[in-house]
Amino acid sequence: MNIVTINGSPTGLQGSTGRLLAALADGAREAGAAVTLFELGTLTVKPCNSCRTCQQIGTCVINDDYTQIKAAMLAADGIVLASPNYISNVSAQMKALLDRCFSMFHCQMLHKKYGACVVASGGPLYQNVEEYLLHVVGNSGCWKVGSAATGGGMLDDSGEAPAVLKEARDLGRRLAEAIKTQQRFPEQEEEREQCFEMMRWLVEENKDKWPYEYEYWQTHWGKG
């Protein structure tokens, strides 16, 4: 059981995002998972240039660290996306990665995996970033296990930090347990199915322009 965690903070594990993500990873390991960490602040993931080569032949023309991150995500059982709140959105590093993943989304390559997210903010208003990352996790095909978030300096408050870190550690355990038991989330099924079928329709409508994606659907998911 392998969980891939992706830290979109340029401050690494020393920052609030990294500390929260580390607690989640500890919880996942305690529940028996192997955890692989990718630090986007120390890697190179360039922005998508919209050439659409990935949709045509299945590989990206940009030679950087995205290739190894993609391979790890595809091999993983669970995926955790972590980002600081930068002006009511994810970091530039995280957004660059997500944009490069768009063909994976079209093909629903992460379907039936499990996901969670982590968000840290200097202030108390971070909910839209949390909702966005959960939306990404769900639309990628993963079951959404949950999120952990902190804001307003809570991790620097000795009275509040233990509870925040415990929440993240508990989420890591829940994520690992969901993978172990192949848990289903009935409240998510309708939305997941709608997204899945929308992507199927989109790819079939563009099968002449996106031959790799069309072939992927035929091979992996059939005609429905």
Requested in this report: State the number of residues belonging to the stretch 74-97 that are under 25 Å from Met1 (Cα atoms) and either among the polar types (S, T, N, Q) or touching a Cys at 6+ places or on another chain (Cβ under 9 Å) (or both).
Outcome: 6
Report task. Examine the stretch 12-31 for a residue that is assigned to a loop (DSSP other than H, G, I, E, B), at pLDDT 95 or above and surrounded by 23 or more Cβ atoms within 10 Å (Cβ to Cβ), and state whether such a residue exists. Result -> no
Report task. Find the residue count for the stretch 53-90, including only residues that are among the charged types (D, E, K, R), closer than 19 Å to Glu215 by Cβ and surrounded by fewer than 16 Cβ atoms within 10 Å (Cβ to Cβ). Result -> 0
Query raised in the report: Inside the stretch 72-168, counting only strands (runs of 3 or more DSSP E) that do not spill past its ends, which hold 3 or more residues that are on the phi > 0 side of the Ramachandran plot?
Result: none
Query raised in the report: Which residue pairs have Cβ atoms closer than 7 Å, lie 6 or more positions apart in sequence or on different chains, and pair a first residue in the stretch 55-74 that is modelled with pLDDT of 95 or more with a second residue that is outside any loop (DSSP other than H, G, I, E, B) and small (Gly, Ala, Ser)?
Result: Gln55/Ser103
Report summary line: Filter the stretch 181-207 for residues that are in a helix (DSSP H, G or I) and polar (S, T, N, Q); the one that is surrounded by the fewest Cβ atoms within 10 Å (Cβ to Cβ) is Thr181
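Every residue, every condition in (1) within 18 Å of Arg174 (Cα to Cα); (2) of a type in the set (Asp, Glu); (3) in contact with a Pro (Cβ under 7 Å, 6 or more places away or on another chain), yes or no:
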position: Gln14; (1), (2), (3): no, no, no
position: Thr17; (1), (2), (3): no, no, yes
position: Leu21; (1), (2), (3): yes, no, no
position: Asp26; (1), (2), (3): yes, yes, no
position: Val35; (1), (2), (3): yes, no, no
position: Phe38; (1), (2), (3): no, no, no
position: Thr42; (1), (2), (3): no, no, no
position: Asn49; (1), (2), (3): no, no, no
position: Ile57; (1), (2), (3): no, no, no
Requested in this report: Would you point out which residue out of Val80, Val137, Val129 is in contact with a Lys or Arg (Cβ under 6 Å, 6 or more places away or on another chain) and within 26 Å of Gln183 (Cα to Cα)?
Outcome: Val137
Query raised in the report: Looking only at the stretch 166-180, which residues are surrounded by 15 or more Cβ atoms within 10 Å (Cβ to Cβ) and not hydrophobic (A, V, I, L, M, F, W, C)?
Result: Glu167, Arg169, Asp170, Gly172, Arg173, Arg174, Glu177
Requested in this report: Being within 20 Å of Lys180 (Cα to Cα) and either within 11 Å of the chain's Cα centre (by Cα) or among the small types (Gly, Ala, Ser) (or both) is the filter; apply it to the stretch 144-164 and report the residue that is surrounded by the fewest Cβ atoms within 10 Å (Cβ to Cβ).
Outcome: Gly146
Query raised in the report: Restricting attention to the stretch 150-164, which residues are under 12 Å from Ala23 (Cα atoms), among the hydrophobic types (A, V, I, L, M, F, W, C) and without any contact (Cβ under 8 Å) to a residue 40 or more places away in the chain?
Result: Ala161, Ala163
**Report entry** the stretch 32-53: number of residues that are hydroxyl-bearing (Ser, Thr, Tyr) and assigned to a loop (DSSP other than H, G, I, E, B)
**Finding:** 3
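The values are calculated or read from the model by the stated rules, or taken from the named source; none is laboratory data. Please read these numbers as outputs of a predicted model, since none were measured by experiment. Please note: Cβ atoms are built from the backbone with ideal geometry, for glycine as well, and neighbour counts cover all protein chains shown.
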